[in-house]
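Okay, so here's the structure we're looking at.
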Amino acid sequence: MTVSDDKSFDENRHDQLTTAPNATEADAAPRIDVSEHDGVTRIDIRDDAEVRPGPGQGMPEADGSDG
């Protein structure tokens, strides 16, 4: 698969994330918000992102348990 110069970044991203055999539209959903203020770029993980960094569900660290 090649990246097209005729398409925007978002269009290419969508195409790449939805071409896998079992891919869905949800796979291409935005996961981060990027903002810039006074020359500082901030990247935040969206609250509605299905995939988030850190321990996964059911792991003691995610549940607030010590183990």
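For the reader, a short list of remarks on this structure follows.
- Taking region 45-56 as the range and being surrounded by 10 or more Cβ atoms within 10 Å (Cβ to Cβ) and farther than 23 Å from Asn12 by Cα as the test, only Pro55 passes.
- Among the residues here, Asp10 does not qualify as surrounded by 10 or more Cβ atoms within 10 Å (Cβ to Cβ), among the acidic types (Asp, Glu), within 20 Å of the chain's Cα centre (by Cα) and at pLDDT 90 or above.
- Complete set of residues in region 21-32 that are among the hydrophobic types (A, V, I, L, M, F, W, C) and either at pLDDT below 90 or touching a strand residue (DSSP E or B) at 6+ places or on another chain (Cβ under 6 Å) (or both): Ala26, Ala28, Ala29, Ile32
- Of all residues in region 33-44, none are hydrophobic (A, V, I, L, M, F, W, C), modelled with pLDDT of 75 or more and open to solvent by less than 90 Å² (accessible area, probe 1.4 Å).
The values are calculated or read from the model by the stated rules, or taken from the named source; none is laboratory data. Small disclaimer: the values here were computed from a predicted structure and weren't measured. Note that each Cβ is placed from the backbone with ideal geometry, even for glycine, and that neighbours are counted across all protein chains shown. Please note that ligands, DNA and RNA were not included when accessible areas were found on the heavy atoms of the full protein model with its side chains. Shrake-Rupley method; radii C 1.70, N 1.55, O 1.52, S 1.80 Å.
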